[in-house]
Amino acid sequence: MRVAVFCGSSMGREPRHAAAAADFGRGLAEAGVGIVYGGASVGLMGVLADAALAAGGEVIGVIPGGLFAAEVPHQGLTQLQIVGSMHERKAAMAGLADAFAALPGGLGTLDELFEILTWWQLGLHAKPVALVDAAGFWDPLSAVLDELTAAGFVPATARAALTTVADASEFLRLLGREGSLPVEPDPEATL
């Protein structure tokens with residue numbers, strides 16, 4: 001099993017986010033779950049990869065060649081795939097993953113998360129998707145999604161597809177208990 005993890009290429013201002021990324025990477029590796037991520041050695045991405053590798057885990061990075069200067073590819077990964085664009089990166093990560101998790105991050109993290117949720121809504125996959133909530137980081141996003149659902153712009157099934165977990169152990173319990181999402185994609189859903 002592999003989990004695609006979306007997270008920041010920067011560290012952010014709060015040290016707790018780096019600690020959460022390290023704990024998540026280590027927890028997945030110790031459970032024998034591989035990680036697929038953006039391939040960088042910097043920011044939370046680097047922290048995640050380093051912790052998983054130190055725990056003996058499989059870590060596959062997928063990075064567009066054009067981001068080498070900004071994201072600095074990790075040189076110690078199990079495998080590093082170089083792709084031509086962000087679109088190719090997301091498709092490759094999705095193809096390698098059995099589930100998805102988002103740690104703290106910025107616009108790139110949100111882009112990856114929302115694309116994978118959109119694919120779920122359209123019935124392109126039925127894999128688990130979770131926010132790993134580091135001390136309430138995702139609370140504002142959850143509130144916006146609840147508001148969009150109440151306003152009729154996001155189907156309740158799509159909102160329910162995004163689970164929030166506290167840490168790696170809760171995420172692993174979700175995978176063991178569910179194996180797939182508790183609700184099915186709506187084949188009639190539109191954007």
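The values are calculated or read from the model by the stated rules, or taken from the named source; none is laboratory data. Keep in mind that what you see is a predicted model, and the values were worked out from it rather than measured. Cβ atoms come from the backbone with ideal geometry, glycine included; neighbour counts cover every protein chain shown.
Quick notes on this one:
- Taken over the stretch 123-137, the residue count meeting the criterion of being closer than 15 Å to Leu162 by Cβ and among the aliphatic types (A, V, I, L, M) is 5.
- Residue count, the stretch 35-93 (criterion: β-branched (Val, Ile, Thr), part of a strand (DSSP E or B), surrounded by fewer than 19 Cβ atoms within 10 Å (Cβ to Cβ) and under 18 Å from the mean Cα position of the chain (by Cα)): 0
- Scan of the stretch 104-147 for residues that are of a type in the set (Gly, Ala, Ser), part of a loop (DSSP other than H, G, I, E, B) and under 18 Å from the mean Cα position of the chain (by Cα), ordered by number: Gly105, Gly106, Ala126, Ala134, Ala135, Gly136
- Residue list for the stretch 111-157, filter: on the phi < 0 side of the Ramachandran plot and among the small types (Gly, Ala, Ser): Ala126, Ala130, Ala134, Ser142, Ala143, Ala150, Ala151, Ala156
- If you filter the stretch 1-13 down to residues that are touching a residue at least 40 places away in the same chain (Cβ under 8 Å) and in a loop (DSSP other than H, G, I, E, B), you find that the one that is farthest from Leu67 (Cα to Cα) is Met1.
- In the stretch 148-180, the residues that are in a loop (DSSP other than H, G, I, E, B) and either modelled with pLDDT of 50 or more or under 15 Å from the mean Cα position of the chain (by Cα) (or both): Ala151, Gly152, Phe153, Val154, Pro155, Ala166, Asp167
- Within the stretch 84-106, residues that are over 26 Å from Pro140 (Cα atoms) sit with their Cβ atoms under 7 Å from residues that are basic (Lys, Arg), at 6+ positions apart or across chains, in these pairs: Leu96/Arg2; Ala97/Arg2; Ala97/Lys127; Asp98/Arg2; Asp98/Lys127.
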